[in-house]
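A short write-up of the structure that comes next.
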Amino acid sequence: MIVLASASPRRQELLSLITENYKIEPAHIDESIHEQIDLYKIPEHLAFKKAEYVHKLHPDDTVIGCDTGVFVDNQMIGKPKSDKAAFEILKLLSGKTPPRASRRTKQALTEFRARVRCLSGRSRATTLTWSDCRLPC
């Protein structure tokens with residue numbers, strides 16, 4: 001059985017395109033970064049932590065942990081915590097093409113041998129140019 005360590009509807013939709021044999025188990029982890037980790041490696045680190053957490057709940061299953069980071073001006077943009085924060089992020093991204101790093105960690109562990117596979121990728125997407133009056137906040 002495949003276990004998706006994510007509550008993301010989009011990730012569930014994507015996984016359902018290739019298999020119906022999966023279950024959802026969101027990873028409830030602390031996503032703060034306390035170690036010195038390269039900025040662009042943070043999504044991979046978090047994806048691994050999520051997969052590791054859920055694997056403890058489903059030790060006989062293949063667990064997929066995911067995380068995505070959007071980077072602008074050498075900083076990672078997190079999820080907005082309010083409408084005002086979302087407005088500020090949209091202004092910051094307006095008209096830019098920031099790199100986006102997706103990290104998907106597939107972890108399959110057995111009692112005899114540990115196997116961890118990390119699949120990483122980067123994409124770029126240009127954000128529309130928004131004027132303050134067009135933003136919905």
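Points worth noting:
- Residues that are among the hydrophobic types (A, V, I, L, M, F, W, C) and surrounded by fewer than 10 Cβ atoms within 10 Å (Cβ to Cβ) within the range 1-35 comprise L17, I18, listed in sequence order.
- Every pair of residues 6+ apart whose Cβ atoms lie under 7 Å, when the first sits in the range 1-21 and is more than 20 Å from L57 (Cα to Cα) while the second is β-branched (V, I, T) and surrounded by 16 or more Cβ atoms within 10 Å (Cβ to Cβ): T19/I2
- The sole residue among T68, T19, T62, T97 that is more than 21 Å from R122 (Cα to Cα), in contact with a strand residue (DSSP E or B) (Cβ under 7 Å, 6 or more places away or on another chain) and at pLDDT below 90 is T62.
- Screening Y53 against (1) of a type in the set (F, W, Y); (2) at pLDDT 90 or above; (3) closer than 25 Å to S123 by Cβ leaves a single unmet condition, (3).
- Boolean, K96 is in contact (Cβ under 8 Å) with a residue 24 or more places away in the chain and outside any helix (DSSP H, G or I): yes
- Selection status of V54, surrounded by 15 or more Cβ atoms within 10 Å (Cβ to Cβ), part of a strand (DSSP E or B) and of a type in the set (A, V, I, L, M): no
- Subset of the range 8-26 (residues that are closer than 29 Å to D73 by Cβ and assigned to a loop (DSSP other than H, G, I, E, B)): S8
- Against the conditions (1) surrounded by 10 or more Cβ atoms within 10 Å (Cβ to Cβ); (2) over 12 Å from the mean Cα position of the chain (by Cα); (3) free of Cβ contacts under 8 Å to residues at least 24 places away in the same chain, P59 satisfies every one except (3).
- Verdict on E35 being touching a helix residue (DSSP H, G or I) at 6+ places or on another chain (Cβ under 9 Å) and of a type in the set (D, E, K, R): yes
The values are calculated or read from the model by the stated rules, or taken from the named source; none is laboratory data. All values derive from a computational prediction rather than experimental measurement. Methodologically, a virtual Cβ is constructed for each residue, glycine included, from the backbone with ideal geometry; neighbour enumeration extends over all protein chains shown.
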